[in-house]
Amino acid sequence: MTELETLKKWIDESDNIVFFGGAGVSTESGIPDFRSTDGLYNQKYDYPPETILGHTFFCSRTEEFFRFYRDKMLYLDAEPNAAHKKLAQWESEGKLKAVITQNIDGLHQKAGSVNVLELHGSVLRNYCEDCGKFYDVETVKDAEGVPACSCGGTIKPDVVLYEEGLDNKTLTSAVRYIQEADVLIVGGTSLAVYPAAGLIDYYQGKKLVLVNKTPTPKDGAANLVVQGSIGQIFEKL
């Protein structure tokens with residue numbers, strides 16, 4: 001039996017699947033992984049992306065943060081790919097219990113997924129740091145310089161920046177779903193970013209599936225490794 005056939009069998013037999021995904025799920029919708037090498041950074045920005053997307057940088061050089069953020073983090077025309085759609089289908093069929101994602105683009109919800117745990121927040125939500133009023137993504141996208149609330153406060157994207165902690169409620173919920181899962185599918189992530197990558201250690205079952213284009217540090221611990229494009233693989237399931 002091939003890896004794909006085994007995966008299909010496990011999915012067909014289960015009604016308690018949890019999916020944990022990273023940047024590779026979004027890159028197939030045309031959203032670049034900002035960690036990948038991109039000569040533009042060297043030409044246009046004086047700092048590496050990890051610095052610009054840090055809490056300290058946001059506070060001290062807010063205008064430059066938003067210049068990068070609008071340029072590199074907002075892909076509002078992106079559409080869900082085969083992986084997003086298949087996960088939404090499994091959820092509607094009662095097979096998939098939750099999608100846990102490190103992505104901030106909202107594509108899982110756009111595809112129809114309902115129970116999505118966004119570990120790093122979402123570009124679609126933004127709030128005033130002073131009064132808490134919420135704003136949509138267009139407000140941030142269309143603003144000149146630093147987007148300001150009607151009260152005068154700075155509008156901040158509801159995304160987890162470097163140096164910021166993950167939301168405890170979301171984290172606790174993710175751990176619970178992973179612990180209780182029958183099948184845990186981990187896709188499109190190099191499993192290099194912590195604390196998110198450490199979440200899969202909570203899985204207690206015997207059907208840990210890793211789907212990625214390149215090897216990951218956890219391949220040896222997986223029950224099944226399927227290498228390749230996640231969109232193409234999910235299309236066949």
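In Å², and per residue, what accessible area does the range 161-226 have when probed at 1.4 Å with the other protein chains present? Walk me through the intermediate numbers first.
Details: 3270 Å² over 66 residues.
In whole numbers, the range 161-226 has 50 Å² accessible per residue.
Quick one: which of 164-171, 125-132, 64-71 comes out on top by average Cβ neighbours within 10 Å, and what's the full order, highest first? Intermediate values should be presented prior to the final figure.
Values: 164-171: 13.2, 125-132: 15.2, 64-71: 17.4.
So the peptides 164-171, 125-132, 64-71, ranked by packing, come out 64-71, 125-132, 164-171.
Excluding same-chain residues fewer than 8 positions from Lys156, which lysines have a Cα within less than 18 Å of its Cα?
Lys72, Lys133, Lys141
What value in Å³ per residue do you get for the convex hull of the alpha-carbon atoms in the range 87-159? Before the final figure, lay out the partial values.
Working: hull volume 6.3 nm³, N = 73.
With only Cα atoms used, the range 87-159 gives 87 Å³ per residue.
Using a probe of 1.4 angstrom, how much of the accessible area of the range 1-152 is carbon and sulfur, in percent?
Details: 3540 of 7320 Å².
The value for the range 1-152 is 48 percent carbon and sulfur by accessible area.
Could you check the spin-label model distance between Glu235 and Lys8? Points 7 Å from the Cα along Cα→Cβ, value in nm.
Result: 1.5 nm between the two label points.
Each label point is 7 Å from the Cα along the Cα-to-Cβ direction; what then is the distance between the points at Lys141 and Thr214, in nm?
Label at Lys141, label at Thr214, 3.0 nm between them.
How much of the calculated P(r) for the chain lies past 32 Å, in percent of all Cα pairs? Show your work: numbers first, answer last.
Values: 6194 of 27966 pairs.
Counting pairs separated by more than 32 Å, the tail of P(r) holds 22 percent.
Students often check this: by mean Cβ neighbours within 10 Å, which of 185-191, 91-97 ranks highest, and how do the rest follow?
Packing order, densest peptide first, comes out as 185-191, 91-97.
Name the long-range amide H neighbours of Gly54: under 5 Å, sequence gap of 5 or more, or other chain; modelled H, no Pro or chain starts.
Tyr162
Give the angle, between 0 and 90 degrees and rounded to the nearest 10, that separates the Cα long axis of helix 168-180 from the longest principal axis of the Cα atoms of the chain.
Long axis of 168-180 versus the principal axis of the chain: about 10 degrees.
Rg/Rh for the range 140-237 to two decimals, with Rh computed the Kirkwood way over all alpha-carbon pairs.
With Rh from the inverse mean 1/r over Cα pairs, Rg/Rh is 1.12.
If you stretched the chain out fully between Lys169 and Asp33, how much longer would it get, using 0.36 nm times the residue separation minus the C-alpha to C-alpha distance?
Values: separation 136, 0.36 × 136 = 48.96 nm, distance 2.62 nm.
Taking Lys169 through Asp33 to full extension adds about 46.3 nm, to one decimal.
Which order do peptides 8-14, 197-203, 106-112 fall in by mean Cβ count within 10 Å, highest first? Write down the numbers at each step before the final one.
Details: 8-14: 14.0, 197-203: 17.4, 106-112: 19.9.
Peptide ranking by packing, descending: 106-112, 197-203, 8-14.
Just to compare against my own numbers: the Cα pair-distance distribution for the range 1-136, 10 Å bins, whole % per bin, please.
Going from the shortest bin to the longest, the percentages are 10, 34, 31, 16, 8, 1.
How far apart, in nanometres, would the label points at Glu63 and Lys206 be if each is projected 7 angstrom from Cα along the Cα-to-Cβ direction?
Using points 7 Å along Cα→Cβ, the separation is 6.2 nm.
The values are calculated or read from the model by the stated rules, or taken from the named source; none is laboratory data. Here the structure is a predicted model, which is why all the values come from computation and not from measurement. Methodologically, a virtual Cβ is constructed for each residue, glycine included, from the backbone with ideal geometry; neighbour enumeration extends over all protein chains shown. For accessibility, only protein heavy atoms count, side chains too; no ligands or nucleic acids. Shrake-Rupley method; radii C 1.70, N 1.55, O 1.52, S 1.80 Å.
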